[in-house]
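Q: Mind looking over this structure? Questions follow.
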Amino acid sequence: MRRFLLVVGLVALLAQLVAVYAPSAPNEHVIPDLDKVVHFSIFAAPTALFLLAGLRLALVVPLLAAHGPVSEWVQGEFLPHRDGSWQDAAADLVGVAAGWAIVYAFGRRGRGESAPVVVSSGSVRHGADDGGGARR
């Protein structure tokens, strides 16, 4: 399964590279802000897939997070029919964070644990704590 996730992650990364470095972008005026959804998706997917494949968080997240702003700079400086934008870079970074968060949340639940919950007192509890258990 890990090898399959790695291959699918590589395909998602290839799609990301094509999308951000193609000589011209598709018409962005057909559906307003569709490009932000695309940026989010093409960064969330490889992040989640690589993490699910077992690649190290310390490798995947910083590299993909750095690639977002760098790709926007490259578009603005070197691709004549493309524009780099900080809004697209922000969508890229939110996508990386979402990919990590999804894997983290589902990974904990897959091991029989629930994600931490902040209760009104500001403390954090884990699992189905009914208020009488230990708080962390």
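Readers should treat all values here as calculations from the given coordinates under stated rules, not as data from a laboratory. If you're wondering where the values come from, they're calculated on a predicted model, not measured in any experiment. Positions of Cβ are generated from backbone atoms using ideal geometry, with glycine treated the same way; all protein chains shown enter the neighbour counts.
Q: Between residue 33 and residue 11, what is the FRET efficiency for a Förster distance of 35 Å, r being their Cβ-Cβ separation, to the nearest 0.05?
A: That pair, residue 33 with residue 11, gives E of 0.85.
Q: Under the rule of at least 5 residues apart or a separate chain, name every residue whose amide H is placed under 5 Å from the amide H of residue 85.
A: none
Q: Another question about this same structure. Between residue 78 and residue 57, what's the calculated FRET efficiency when r is the beta-carbon distance and R0 is 22 Å? Round to 0.05.
A: According to the calculation, E is roughly 0.10.
Q: Can I ask one more? Hey, rough spin-label estimate for residue 97 and residue 24, points 7 angstrom out along Cα→Cβ, what's it come to in nanometres?
A: Result for the modelled spin labels: 3.5 nm.
Q: Sorting check: for 80-90, 64-74, which peptide has the highest mean count of neighbouring beta carbons within 10 Å, and how do the rest follow?
A: 64-74, 80-90
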